[in-house]
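Report on the structure given below.
The values are calculated or read from the model by the stated rules, or taken from the named source; none is laboratory data. None of the values given here were measured: they were computed from a predicted structure. Cβ sites come from the backbone with ideal geometry, for glycine too, and all protein chains shown count toward neighbours.
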Amino acid sequence: MKKHPFGNTDIQISPLGIGCTDNVEVIELLLDAGCNLLDTAQCYGAHEAFLGEHFRHRRDEFFLQSKCGHHEVLPDGSMRSLKITMADIDAALRKLRTDHLDAMLLHSYDLDALQRGDAIEVLQAAKAAGKIRFAGYSGDNERALFAARHGAFDVIETSISIADQTQIDTLLPLCREKGIGVVAKRPVANAAWRGFEDLKQVAAKASVYTQRLAEMNLYLPAFGFTDDNAGWSELALRFNLSLDGLHSSIIGTKNPAHARANLAVVEKGPLPPEVLQQIRDAFHRAEAASGRVWLGEN
């Protein structure tokens, strides 16, 4: 798999990253194919320990990133970011059975907590101690923009897909300017097209992404894609491959067949520029017609 520079880091990164899965066969298949970004988090159950147990012998083959500082629910039902300390970094190292992380990301960290700066200081101290190589942020909208402008972050993970395009206009240009490596979460929009015979007939309880796709009214055969799950998946992934400044898109699957299908899509490369533009135009038209701002979905 062809790799490319990951922002201003010294890493050559694959366009397809490996998300949270506990299937050893899938991860081995993707690593063997050249995928070299492996993403996890402290709040992904036992995933860090799983990776440490099964893949420590291949540690030099991938860029390993984890996330800390996820949210806790307060008595009034609101949520706030957990304060992080060096103990969070050390716990990740123990579970992952490694002497360093390539990146540790603050996990959807609240803006006020970011602005206080104590979590950023922990990442900087871990970087100085050689426990992490790069500091990162995972999140969207104002928080991601703050992180990109701050100067302390080398990597940002954010929501980018055919149904989640706001960061393309706001965050990506800033990250290109700053030399920040950008990773897309949910690049296939949670497969929001599944389960609906006709996206125009969307139930009120449908996901935000499904509603957006319905309003965008994309007709896949006009783009040269089949109007089925495989066609949607290919269109979505190749959309992300087409974006300047987006370095890798994380896919999580337990199904080896799905992993192979994603690899085959990556080999096809970016969309034709005119198809990319039509999808971007459809997003902007539908957003304007909705009367709502379609912010990035955390």
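State whether the residues of segment 201-220 include one that is assigned to a loop (DSSP other than H, G, I, E, B), modelled with pLDDT of 95 or more and not hydrophobic (A, V, I, L, M, F, W, C). Scanning segment 201-220, I find no residue that is assigned to a loop (DSSP other than H, G, I, E, B), modelled with pLDDT of 95 or more and not hydrophobic (A, V, I, L, M, F, W, C), so the answer is no.
Considering 255, 229, 217, 240, the condition of being surrounded by 15 or more Cβ atoms within 10 Å (Cβ to Cβ) and polar (S, T, N, Q) is satisfied by 240 alone. Residue 168 satisfies every condition listed in (1) among the β-branched types (Val, Ile, Thr); (2) more than 19 Å from residue 12 (Cα to Cα); (3) not in a helix (DSSP H, G or I) except (3).
Restricting segment 144-173 to residues that are of a type in the set (D, E, K, R) and out of contact with any strand residue (DSSP E or B) (no Cβ under 7 Å at 6 or more places or on another chain), the residue that is farthest from residue 286 (Cα to Cα) is 149.
Note on segment 70-145: enclosed helices (runs of 4 or more DSSP H) holding 2 or more residues that are over 21 Å from residue 52 (Cβ atoms) are 111-116, 118-128.
For segment 228-272, residues that are among the small types (Gly, Ala, Ser), touching a helix residue (DSSP H, G or I) at 6+ places or on another chain (Cβ under 9 Å) and in a helix (DSSP H, G or I) total 7. Listed by first and then second residue, the pairs with beta-carbon distance under 6 Å, at least 6 apart or on different chains, first residue in segment 86-97 and within 16 Å of residue 136 (Cβ to Cβ) and in contact (Cβ under 8 Å) with a residue 40 or more places away in the chain, second of a type in the set (A, V, I, L, M) and assigned to a helix (DSSP H, G or I), are 89/126; 96/51. Note on segment 52-81: residues that are within 23 Å of residue 116 (Cα to Cα), surrounded by 18 or more Cβ atoms within 10 Å (Cβ to Cβ) and free of Cβ contacts under 8 Å to residues at least 40 places away in the same chain total 4.
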